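See structure below.
The values are calculated or read from the model by the stated rules, or taken from the named source; none is laboratory data. No experiment lies behind these values; they were computed from the predicted model shown. Quick reminder, even Gly has a Cβ in these numbers, built from the backbone with ideal geometry, and neighbours come from all protein chains shown.
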Amino acid sequence: MNIDLPLTLLGGLSPATFMKRHWQKKPLVIRQAIPGFSAPLERAELFDLAAQDDVQSRLVIQTPELAAKPWRLKHGPFARKALPALKKPGWTLLVQSVDLYDARVRALRDQFRFVPDARLDDVMVSYATDGGGVGPHFDSYDVFLLQAHGQRRWRIGRQKQLDLQPGMPLKILSNFEPEQEFVLDAGDMLYLPPRCAHDGVALGECMTYSIGFRAPAAGELAQEVLQRLAEQARDEVGDTLYRDPGQGAQSHAARIPAELAEFAQTALEKALHDPLATQRALGEYLSEPKAQVWFQGLETGIDADRGVRLDRRSNMLYDDSHIFINGESFLASGRDAALMRSLADTHVLIASDLHKLSPGARGLLTDWVEAGWVCLQD
Ligand code: SIN
Ligand code: CO
């Protein structure tokens, strides 16, 4: 992607300018980000997804008549008849990770690849009847809210005070102070940085696509990386036993010897010493597929006359030394690395590129086709 070319999707800004001016900083309303946009997924198709048990979905029902319980939240799966009637106002169905299940939604998500893949979370699709919404709240995500069908009125504010109403089944701000209001039509889009207060209310039946980018927490990354490093620590650090020929007689037997603490500290430093091991653990974590993803493999490996493409549920990333796919890591260099990086960036490798791979890399690709991570091009 040429990051300096103006994009209609970003209201005429280039990805470079958008990232500089708005990303993580300030909201942007983009009229006709996708001109003439018509929702790729029909309402009935969304309801079918919400009925599947491997798909995460939620139903939010507004019950203002019940002062003590103005919001109700239910978790899917939802049989069609478990959803409220279409003519009943004030309810919303939210379906997560629709990009995993639908190629058209995945293609839409791919228009946002000016943001690193490692930041992308999913595309959530919501369907609401008139007046439906999830209430005034904030997210920890950067999100592009693309109006896919009908109209939604958004109110947003930059308030610092983000206390939530206690005892609610969903995050509802105690004091929402809207500063701006927009009505979005199909094809319009609103970008919101994390912690920007917002409230979207359906004006008639509406569908909204949230292209969400999650920011990992420092503690979460430390835990995930350390967990992976811990699994290899025994092999890396070795089984050298602690020796204490100089240990004197102890009058306070319960005290841990300082030398033993030092021995443990040195072992830990050794386990963390290899920067490649840390990078490898990070890439493995970031490329883990979502929990509900399973792959259907093929009996045959790669075909000399056909290129390959990445399955849409696969996560493929790379760093200076490794290629990562679906939680696994491979050291790569030279031409193999260049071609594998190209597969990660463009999601395809043409047949003539496959011939340029080393036998080892072709073997890996064969394994990935057999695992269903990579598919043969039609
Ligand atoms: C929605 O689509 O109804 C909710 C999206 C959001 O406010 O984050
Ligand atoms: Co939100």
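Here are a few things to note about the model shown:
- The residues on offer are 136, 116, and the sole one that is within 30 Å of residue 345 (Cβ to Cβ) and either in contact with a Cys (Cβ under 8 Å, 6 or more places away or on another chain) or of a type outside the set (Lys, Arg) (or both) is 116.
- Residue among 44, 33 that alone is surrounded by 18 or more Cβ atoms within 10 Å (Cβ to Cβ), within 20 Å of residue 108 (Cα to Cα) and assigned by TED's automatic domain parsing to the domain that holds residue 187: 33
- Residues (outside any strand (DSSP E or B) and either in contact (Cβ under 8 Å) with a residue 24 or more places away in the chain or not assigned by TED's automatic domain parsing to the domain that holds residue 173 (or both)) located in segment 71-85: 76, 77, 78, 79, 80, 83, 84
- In segment 1-42, the residues that are of a type in the set (Asp, Glu) and in contact (Cβ under 8 Å) with a residue 12 or more places away in the chain: 4
- Filter pass, residue 249 being outside the structural domain of residue 110 (by TED's automatic domain parsing) and within 24 Å of the chain's Cα centre (by Cα): no
- Matching option when the condition is outside the structural domain of residue 94 (by TED's automatic domain parsing), among the aliphatic types (A, V, I, L, M), farther than 25 Å from residue 152 by Cβ and under 22 Å from the mean Cα position of the chain (by Cα), among 19, 1: 1
- Within the set 200, 204, 187, the sole residue that is in contact (Cβ under 8 Å) with a residue 12 or more places away in the chain and within 12 Å of ligand 2 (Cβ to nearest atom) turns out to be 200.
- Residue within segment 133-152 that is over 15 Å from residue 39 (Cα atoms), more than 10 Å from ligand 1 (Cβ to nearest atom), more than 26 Å from the chain's Cα centre (by Cα) and touching a residue at least 12 places away in the same chain (Cβ under 8 Å) present: no
- Qualifying residue in segment 165-184 (condition: closer than 24 Å to residue 106 by Cβ, in the same structural domain as residue 125 (by TED's automatic domain parsing), touching a residue at least 40 places away in the same chain (Cβ under 8 Å) and not basic (Lys, Arg)): yes
- Output for segment 239-261, where each listed residue is touching a residue at least 12 places away in the same chain (Cβ under 8 Å) and either in a helix (DSSP H, G or I) or on the phi > 0 side of the Ramachandran plot (or both): 259, 260
- When residues in segment 177-199 are screened for being assigned to a loop (DSSP other than H, G, I, E, B), within 12 Å of ligand 1 (Cβ to nearest atom) and closer than 19 Å to residue 92 by Cβ, 0 of them pass.
- Single residue of 321, 314, 333 found to be outside the structural domain of residue 115 (by TED's automatic domain parsing), under 18 Å from residue 282 (Cα atoms) and in contact with a Ser or Thr (Cβ under 8 Å, 6 or more places away or on another chain): 321
- Here segment 237-246 is the region considered, the condition is being modelled with pLDDT of 95 or more and surrounded by 10 or more Cβ atoms within 10 Å (Cβ to Cβ), and the residue that is nearest to the chain's Cα centre (by Cα) is 242.
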